[in-house]
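Quick notes on the structure that follows.
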Amino acid sequence: MEAALPAERQVDEIESLCMNCHEDGVTRLLLTRIPFFREIIIMSFECPECHFKNSEIQSAGEIQQRGIRYKFKVDSNEDLQRQVVKSDTCVFRIEDIDLEIPAGRGQLTNLEGLLSMVQQDLEAKQEERRQVDETLATQVQGVIDALGAMLDGNKFPFTITINDPAGNSTVEPSPSDRAGKYVRAEFPRTAEQNAALGLGDVPAEDTSTGAPETNIRPEYHSANLFPAEANGKHSRDMPLNVTDDDDIIENEVYAFPASCPGCTAPCTTNMKMVRIPHFSEVVLMSTVCEHCGYRSNEVKSGGEVPEKGRRITLQVNSALDLSRDILKAESCALQCPELSLSVEPGTLGGRFTTVEGLLTQVRDDLKSSIFDADDDYSGVGSGDSMQTAQRSKWNEFFEGLDVAIAGERKFTIILEDPLAGSYVQSFTAPEPDAQITIEDYERTEEEEEELGLRDIKTEGYENGHGESKNETRDRKELEEGTTEKEEIDAEEIAREIKARLGGLDLGDDA
Ligand code: ZN
């Protein structure tokens, strides 16, 4: 499939100067709907004199509430035909050759088009380079040749990434993408990224407008999990992971002022600590922005990096199993082979909910990310036959997921967490649950690399860590400074909260 442009609607036509021959050309503004994405505006220039063509895109929408990242493994010629929307704030990278297309011109093309463009750009100045700096020219030639090999299909697989703080870029997904191939992750913007996008200058202190009260979702109340064990009666083997001075009380909601990562308006972040029986304690954080509608529900679990990864397999046999609690750490991948569902680490962030809640969220996130909200995925595809085929595949996929969420079919959930920080509620704890299989596994080098653990491991061995995993898990004596990993641990959060709460009246929340 060419990067076939779907139905376009012309909105304007402007006579403008051709940058190539300096005669008069025409710029047309077209409103275009990108399949599985959203509407964008294409500014398309064409010169009738020299036939020079050029097109740029602008997002028809505004800046999204979250930034977006994609990682896509290209391993066939078909993959080169995937459509790409690169907004003017997007950084595109070919990781294998460390090549980066910086933010700049917005483009609608496919991977092949993008790679060819870079190749041609580099080639155009090669002669000049060779005159000035032979060594540089040779290096650049290496890149040009590598791009050529990629385009010719002689360098599969290679990995591209897309990073757009404005959330307006995409690479076309396919329902047949399997584990490790296509990763899409939204992320909250930092203050710097908001500033770079020209978003708001609202001081975070300005809470005089009364930031909205937010609620931690009801399924986050651990008291509902094991009614008999509510409120820490089972505290014997699990002390709260905070010191006496910084006592964050379990199940108590703490609120602190924050600024919305979506629009920078002042809002409130609620936080509470929950202990999961027979597992560990986690910190739940919830933010809702009244101004732009940004929402986040995140779970942060702390602790030392265990020696091995852990794979938990849950056999879902009935609707009852859908009510099991599940803690999916951010590092955890999720798969349901029977449903052709595969969720990469980082896609969802950390979640503490039920099996049903998790699957529902995966479904809703996927739907909203590949179809516009008002798009009926069961409807007839409007584009070419390829698109219709894609649609019917998606359709089938979502129907399967719906049946599973309704508790009308058996399936398996596999949680694979290289940091062993995920959890599925057992119905028979502390005795083994016949429907749950737990395996510890050696992390692959790739996983360690990705988690930034390569250095830590050495340190861990020097200090004699990792010998008694269970002990370190249960006790969770966090030794600060032994890991460089950006994991938020409970103590850190306690301190953070404490610092933020300084001088704040807690009366309402406590
Ligand atoms: Zn907001």
Identify, please: which residue in region 286-316 is at pLDDT below 85 and acidic (Asp, Glu) and is, among those, farthest from the ligand (Cβ to nearest atom)? 304
Output for Cβ contacts, cut-off 7 Å, separation at least six or different chains, first residue more than 21 Å from residue 157 (Cβ to Cβ) in region 102-113, second assigned to a loop (DSSP other than H, G, I, E, B), reads 103/88; 103/89; 103/90; 104/88; 105/88; 106/87; 106/88
Would you mind listing the strands (runs of 3 or more DSSP E) fully within region 289-337 where at least 3 residues are farther than 27 Å from residue 435 by Cβ and either in contact with a strand residue (DSSP E or B) (Cβ under 9 Å, 6 or more places away or on another chain) or free of Cβ contacts under 8 Å to residues at least 24 places away in the same chain (or both)? 295-301
Quick one: which of 343, 274, 305, 316 is within 21 Å of the chain's Cα centre (by Cα) and crowded, with 19+ Cβ neighbours inside 10 Å? 343
Counting only residues that are away from the ligand (no atom under 16 Å from the Cβ) and touching a helix residue (DSSP H, G or I) at 6+ places or on another chain (Cβ under 7 Å), region 32-70 contains a total of 2
I need the full set of residues from region 263-280 which are in contact with a Gly (Cβ under 8 Å, 6 or more places away or on another chain) and either outside any loop (DSSP other than H, G, I, E, B) or within 16 Å of the ligand (Cβ to nearest atom) (or both), in order please. 263, 264, 265, 275
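The values are calculated or read from the model by the stated rules, or taken from the named source; none is laboratory data. Keep in mind the model is a prediction, meaning the values are calculated, not measured. Here Cβ is always computed from backbone atoms with ideal geometry, including for glycine, and neighbour counts include all displayed protein chains.
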